[in-house]
Amino acid sequence: MAIGVIDIKITDTISFLLLPLIYSLVLGLALYLAKSVKFIGPEQANVAEGVMVLLIGVLLAKLAISSGQSISAIFQVGPALVLQLLGDLGTLIALPVALLLGFRREVIGMASSICREPNLGIIIDKYGFKSPEARGVLAIFVIGSIIGTPFISFLSSICTSLIPYHPYAFAMASGIGSASMNAAALVPLVHLHPDMATQLEAFAGCSNILSFCLGIYMCMFVSLPIAEKLYKWLSPILGKGEAHIDEENVPDEIKEDDDASDGLSSGKLKRWGALLFAFSVIVTVGNYVGFHTPLIDTFIGMMIISIVTLTGMALERVCPVHIQSIIFISIIGLLIAIPGMPTSDFVAHYVSNVELTTICTAFLAYVGISIGKDWDEFKKIGWRGIIVALIVITGTYLGSATIANFTLFLTGMI
């Protein structure tokens, strides 16, 4: 967080952004792999892996509260802004390509979304950190974080010049749920249409809010189930038959989180509470270093987020019907932040001080340490993963732009 964002200018319209969350992931991984570092090893990596399930809840709680705060904007936007979210399904075009390149169940994680922070949480929560699906989403997340920003800026410049869509459509398409990619895709568009800069920025910002707030639901209920079906249908054709994993042959650690089946105990609540308190302190300090927000207000905001997380995790284990904690966390966070609710002003005031960037930066440090012990297997992805990542980004960008342009035309806005 102290290093901050580094903006490396390539041209007037293309820049390469280095973000704090990348530093923390790389540092965590480097500390594990460094032979001279003795205090971070397999034992610490196992601990970090276990903590991640809880910290994913923190991430989702923050997103859910943001959804509640923006609920009026969600209902006020036009049909084009809403329908262009279906363009997120464009990532699925990468699934058959990934199968042809030799991936197996990794393709479900790779191609079900743009593979940003919320999608990372959904995949790990559903399949487990050790699963091939999680390796897939982690691979695209890391690759996308490194090359996604400059690539989407280049892609925006090329598409604007070659495809006769209205600039509004491209502006909406730039809101894919990543602030850095959103800005990178918008810069060349504004440069080419400076007279429309204000409108383009408004559409892009609103689109990004929608993708940010609703993207997790699109992934959970639409794209992820479709990706699973496509894998089942296409794997025997495009992949090696013996590599196909049927539902009944999925390992238990992938099917269900072992911790989720243990029930709830006072000891478990105490451990969760201690971990969330420590993480809140880390995020509070990081938030102050990076954004100079008030320490007390930020800490109160983190405690609100932690309580939502703790409640959702507990409800998963006491509910007679198995419902994933991410559903409980999302619903609770949404409800307490909706304007008009007795809690909304209090929650909005304090949680708004907590930057998602800081939570992700702290979270990615745990990810870096965790993937260290599986690094030899993880790095096998190589150039194949880069190809899949570029197709994923291209698919969602062009898919959203196409739907937005078509809807704008039908509604008479262009």
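The values are calculated or read from the model by the stated rules, or taken from the named source; none is laboratory data. The structure presented is a predicted model; accordingly, all values stated were derived computationally and were not measured. Note that we place each Cβ from the backbone using ideal geometry, even for glycine, and neighbour counts take in every protein chain shown. Protein only, heavy atoms only, side chains kept; ligands, DNA and RNA dropped before computing areas. Shrake-Rupley method; radii C 1.70, N 1.55, O 1.52, S 1.80 Å.
As for the range 372-386, it holds at least one residue that is farther than 23 Å from SER178 by Cβ, in a loop (DSSP other than H, G, I, E, B) and either at pLDDT below 90 or open to solvent by less than 20 Å² (accessible area, probe 1.4 Å) (or both). Of all residues in the range 123-147, those that are among the aliphatic types (A, V, I, L, M) have Cβ atoms under 7 Å from Cβ atoms of residues that are modelled with pLDDT under 80 and surrounded by 22 or more Cβ atoms within 10 Å (Cβ to Cβ), 6 or more apart or on another chain, in VAL137/CYS115; LEU138/ILE371; ALA139/ILE381; ILE140/CYS115. Counted as qualifying within the range 88-181 are the helices (runs of 4 or more DSSP H) with 1 or more residues that are modelled with pLDDT under 85, namely 117-127, 132-162. Residues that are without any contact (Cβ under 8 Å) to a residue 60 or more places away in the chain and among the aliphatic types (A, V, I, L, M) were ranked within the range 149-167; the one that is surrounded by the fewest Cβ atoms within 10 Å (Cβ to Cβ) is LEU162. Of all residues in the range 330-365, those that are more than 23 Å from THR293 (Cα to Cα) and at pLDDT 90 or above total 7. Scan the range 318-335 for residues that are outside any loop (DSSP other than H, G, I, E, B), farther than 16 Å from SER306 by Cβ and either of a type in the set (Gly, Ala, Ser) or open to solvent by 80 Å² or more (accessible area, probe 1.4 Å) (or both) and the total you get is 3. Restricting attention to the range 347-370, the residues that are of a type in the set (A, V, I, L, M) and open to solvent by less than 10 Å² (accessible area, probe 1.4 Å) total 6.
Of the residues in the range 71-89, at least one is among the hydroxyl-bearing types (Ser, Thr, Tyr) and farther than 15 Å from ILE329 by Cα. In the range 1-24, of all residues being among the hydrophobic types (A, V, I, L, M, F, W, C) and at pLDDT 85 or above, the one that is most open to solvent (accessible area, probe 1.4 Å) corresponds to ILE3. The single condition from (1) open to solvent by less than 60 Å² (accessible area, probe 1.4 Å); (2) out of contact with any Gly (no Cβ under 8 Å at 6 or more places or on another chain); (3) over 25 Å from ILE124 (Cβ atoms); (4) not polar (S, T, N, Q) that ILE338 fails is (2). If the condition is being open to solvent by 80 Å² or more (accessible area, probe 1.4 Å) and not in a helix (DSSP H, G or I), then the range 270-296 contributes only HIS292.
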